[in-house]
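K.L.:
Shown below is the structure under consideration.
The values are calculated or read from the model by the stated rules, or taken from the named source; none is laboratory data. Quick caveat: nothing in here was measured; it's all calculated off a predicted structure. Reconstructed Cβ throughout: ideal geometry from the backbone, glycine too, with neighbour counts over all protein chains shown. Remember, those area values only see protein heavy atoms, side chains included, never the ligands or the DNA or RNA. Shrake-Rupley method; radii C 1.70, N 1.55, O 1.52, S 1.80 Å.
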Amino acid sequence: MDSIIVKGGGELRGEIPIAGAKNACLTLMPATLLSDEPLTLTNAPRLSDIATMTALLRSLGAEVSSLQDGQVLVMSSHNLNNHTADYDIVRKMRASILVLGPMLARDGHAVVSLPGGCAIGARPVDLHLRGLEALGADLELRDGYVHAKAPGGLKGGTVDFPLVSVGATENVLMAATLAKGTTTINNAAREPEIVDLARCLRRMGAQIEGEGTSTITIQGVEKLHGATHPVVTDRIELGTYMLAPAFCGGEVTCLGGRIDLVGAFCEKLDEAGISVTETPRGLTVARKNGRIKAVNVTTEPFPGFPTDLQAQMMALLCTAEGTSVLEEKIFENRFMHAPELIRMGADIEVHGGTAKVKGVERLKGAPVMATDLRASVSLILAGMAAEGETMVSRVYHLDRGYERVEEKLGACGARIERVRG
Ligand code: UD1
């Protein structure tokens, strides 16, 4: 298993290109199952999660070609010959459940294993299933698989989500494009990845209104056609690299970044003493004078502070002046990075979904272990500002969500290297 070794100290200066969004790409790829004409995605990120989704689509009979070093994906589902998403692939990645809605909508049947993914909480899929049932799907859970049928096709309906779910909104949105009649999704997720999915589906001929708000209305159509769609910028990769100069000092421009993707996050950066300037090329970030200030952070669905940036923000606040309180409202078990940061000298107390972080002067390098995707990168950032050397092991989590992290940070002056193992 690979490890990453980071040596602390030194300012960062330079530009970091931000890739297309992993989470958008993982929902845009299954959209190919809705049509028998090709769907081409440009600006795709090069990540192991994308390779997993590629393998899953291929296992169903879809053709997926990766061009231009993986940045263009051409997919075609004209010959779907298998409607079972097998446990062996699905267990690697929770987003695999997103093939359920499209397959069911197009062919009236699908069998999908219950998913795995990051160990950051129970993460059930009941809302996905409830949403599809509201469109007339007949579902049965048997032997760890969801067996779904809609013999006469799905029918438009009203879906009232009791809580905001990104994945469930995506699954129902895709399924509803081919359902007969009108579907209304209430309490829909408003994430930029949902907006991107709706735009892509519209390019494929879907009739959708209201994406980016809490109510999405879909008028089902007979058929969807082929399209080409650029994947939206990854706001989580963006936020992560925006933090790099906040940890180390200096100035970094995140190419392709936009404030509207990271509004709530930028407000917290400003409070902490980090300046962000938007230019036509991206977002330029620098630490204002002096030490980072403590801030309180509560994670929320978009447009609130994203849970996927909580670990990185906590790592930053470990050396802030004062005490910060972080409240995790989306996933119940998402402070697994805290014990690792404590190994580096951080002063953190976790009680349920709340973490109290008392700022210390400086962290010290230590061997640490990546426990999930965002936790891994938070340890790398912490290591870049710590005294001495930090070795982050189990970085396979990192490769699920960050492409070429050593190259991107190394180009700005970070002393970071991968040790193959
Ligand atoms: C997506 C993102 C993930 C991000 C999360 C929240 C992808 C591939 N992943 O995950 O990076 O952290 O949004 O922004 O896009 N829930 C249920 N029942 C369900 C579905 C969800 O109870 O059927 C709960 C979850 O346990 C969680 C909350 O709802 O507590 C939000 O989860 P959800 O928005 O669905 O996250 P994902 O789509 O899995």
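K.L.:
Filter segment 144-169 down to the residues that are within 9 Å of the ligand (Cβ to nearest atom), under 17 Å from L114 (Cβ atoms) and not in a loop (DSSP other than H, G, I, E, B) and list them by number.
P.N.:
Hits for segment 144-169 are G167, A168.
K.L.:
Now for a separate question. Within segment 19-49, count every residue that is part of a loop (DSSP other than H, G, I, E, B), within 16 Å of the ligand (Cβ to nearest atom) and farther than 18 Å from A175 by Cα.
P.N.:
Total meeting the criteria: 5.
K.L.:
So which strands (runs of 3 or more DSSP E) are wholly in segment 217-320 and hold at least 3 residues that are touching a strand residue (DSSP E or B) at 6+ places or on another chain (Cβ under 7 Å) and surrounded by fewer than 20 Cβ atoms within 10 Å (Cβ to Cβ)?
P.N.:
Those strands (runs of 3 or more DSSP E) span 250-255, 274-279.
K.L.:
Being open to solvent by 20 Å² or more (accessible area, probe 1.4 Å), within 12 Å of the ligand (Cβ to nearest atom) and free of Cβ contacts under 8 Å to residues at least 60 places away in the same chain narrows it down to one residue among L129, L141; which is it?
P.N.:
Exactly one of L129, L141 is open to solvent by 20 Å² or more (accessible area, probe 1.4 Å), within 12 Å of the ligand (Cβ to nearest atom) and free of Cβ contacts under 8 Å to residues at least 60 places away in the same chain, namely L129.
K.L.:
Could you look through segment 63-95, keep only residues that are within 26 Å of Y402 (Cβ to Cβ) and assigned to a loop (DSSP other than H, G, I, E, B), and pick out the one that is least open to solvent (accessible area, probe 1.4 Å)?
P.N.:
M93
K.L.:
For segment 51-60, check the following and say yes or no: at least one residue is away from the ligand (no atom under 15 Å from the Cβ) and in a strand (DSSP E or B).
P.N.:
Within segment 51-60, none of the residues are away from the ligand (no atom under 15 Å from the Cβ) and in a strand (DSSP E or B).
K.L.:
In addition: Which residues, taken from segment 53-72, are among the polar types (S, T, N, Q) and either under 22 Å from the mean Cα position of the chain (by Cα) or closer than 15 Å to P230 by Cα (or both)?
P.N.:
Residues satisfying the conditions are T54, S66, Q68, Q71.
K.L.:
Could you list, in sequence order, all residues of segment 321-332 that are closer than 15 Å to E349 by Cα and open to solvent by 30 Å² or more (accessible area, probe 1.4 Å)?
P.N.:
G322, T323, V325, E327, listed by residue number.
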